[in-house]
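The values are calculated or read from the model by the stated rules, or taken from the named source; none is laboratory data. This structure is a prediction, so every number in the text was calculated from the model and none was measured. Methodologically, a virtual Cβ is constructed for each residue, glycine included, from the backbone with ideal geometry; neighbour enumeration extends over all protein chains shown. Ligands, DNA and RNA are stripped out before the accessible areas are found, and what is left, the full protein with its side chains, is counted by its heavy atoms. Shrake-Rupley method; radii C 1.70, N 1.55, O 1.52, S 1.80 Å.
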Amino acid sequence: MKQLNEKLLKPVTLGNGKIAKNTLVMAPMTTFSGNEDGTVSEAELNYYKARSKDIGMVITATTYVRETGKGFNAQFAGYSDKFVPSLSNLASAIKGEGALAVLQMFHGGRMAPPTEVPNGETLSASAIAPLREGAVTPRAMTEEEIHDLIAGFGETTRRAIDAGFDGVEIHGANTYLLQQFFSPHSNRREDKWGGSLEKRMTLPLSVIDEVKRIAKEQGREDFIIGYRFSPEELENPGITLDETLQFIDILADQGLGYLHISTMNFWQSSSRNEEDKTPIIKRVVAKVNNRVPLIGVGSIHTPEEAVKALESGVNFVGLGRELIMEPMWVSKVMAEKHHEIRTTLNPADRELLQIPQPLMNAIVNTPGWFPIVE
């Protein structure tokens, strides 16, 4: 057990030089629990505080950089300076327990619920609806709107710095707007922002450049800048693993703090090519080739599984549902009490576990998401 813990609890240096005290990261997860005015709720502060003790880094639920980008109900906002005090409370709740605090930021694009955005109008790279029941067709963004979006990521980065965060994660995964520009399904443009694979990379790389520029302008050379990506899409046309690997090859040389792959299962193989049984993470690790730290995530439940994941070549292991069920996951590893780590969720323990009620409602109403006990 001691040797296991040494592998999990060793410090890791990020691409910007900051040091995380161990290899374990709280993965970004929606809470559905922000206040109506877009501020972080007291329940969310308690939720993060309970999960920030002893872990190396916490990546928050995502915030939206423009009003048009709200992705779901009760999401806390980052598109205006009026939200800096709220974000500061969140950063303090995390850092007060000793973890690095990273604010994830995004724009929902065509995945934004029309009821949550101005005039009910969703935006995307092109006027192509997502392949889901009841989906609406978005409006293709203008050149001016694209430049305003890039500025929005920069402005939210400056707010994160003002609020005391150690870094930001640019959310380019999970079908949201930056992925929509990278995807040949949602991006049918014929200008500089779409067409070839290289042109479909233009917006994500422009956002990275702007975020880096703001951090430098603010005198924060040590500010963590991460980028999260999804490896594939099921749509045809859609993002292929080969396209993503070409994108990663460029991302790895952008001077980022880390890259973060978004998968449901750490060891999953290609969904587009069922004959390819090679775990995607192995191909990603090989392409990154130690140029930038890499976070892997997905159904890592036990310390033993976390160590096995690290042995694949990733630098960090992200814990998501595991930390919802067990806020003391890392602390129990440190105390060599692995056998006490909760592996099921009892809704009756909601207050004990500091889970906001809206998040618990979502869990209970989503069969198969968590192992629930009565």
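Can you give me the relative contact order of segment 1-133 as a percent, contacts being Cα pairs under 8 Å and 6 or more apart? Here the relative contact order equals 24 percent. Based on C-alpha pairs under 8 angstrom that are at least 6 apart in sequence, segment 142-207 has a relative contact order of 25 percent.
Against the chain, whose longest principal axis comes from its Cα atoms, helix 143-163 is set at around 30 degrees.
Go through K277/K332; K212/K337; K10/K277; K18/K308; K82/K192 and tell me which ones have a Cα-Cα distance over 29 Å in this structure. Table pairs above 29 Å Cα-Cα are K277/K332; K212/K337; K10/K277; K82/K192.
Taking Rh as the Kirkwood radius computed over C-alpha pairs, what is the Stokes-Einstein D of segment 67-185 at 37 °C in a medium of viscosity 0.692 mPa s, expressed in µm² per second?
217 µm²/s
On C-alpha positions alone, give me the angle between the axis of helix 241-251 and the longest principal axis of the chain, in degrees, nearest 10. Computed tilt is about 90 degrees. Taking the three principal axes of the alpha carbon atoms in segment 204-247, the coordinate ranges are 43, 16, 15 Å, sorted in descending order. The Cα-based radius of gyration of segment 3-149, divided by its Kirkwood radius, gives an Rg/Rh of 1.05.
For segment 273-374, the share of alpha carbon pairs falling in successive 5 Å distance bins from zero is 2, 11, 18, 18, 15, 14, 11, 7, 2, 0 percent. With every protein chain in place and a 1.4 angstrom probe, the accessible-area ranking of T157, T240, largest first, reads T240, T157. If we count every other residue with Cβ under 13 angstrom of G71's Cβ, Lys/Arg +1 and Asp/Glu -1, where does the sum land? Residues close to G71 contribute a combined charge of +1.
Over all directions, how big on average is the projection of the convex hull of the alpha-carbon atoms in segment 161-224, in square nanometres?
5.0 nm²
In the chain, the DSSP beta bridges split such that about 5 percent are antiparallel, to the nearest 5.
Here, the chain is characterised by an Rg to Rh ratio of 0.94, where Rg is the alpha-carbon radius of gyration and Rh the Kirkwood radius. Relative to its Kirkwood radius, the Cα radius of gyration of segment 184-309 gives an Rg/Rh of 1.00. Across the chain, the mean sequence separation of Cα contacts (distance under 8 Å, 6 or more residues apart), normalised by length, yields a relative contact order of 17 percent.
Computed from Cα atoms, the angle from the helix 202-217 axis to the main principal axis of the chain rounds to 60 degrees. Averaging Cα coordinates gives a centre for segment 9-53 and one for segment 263-301; these two points are 23 Å apart.
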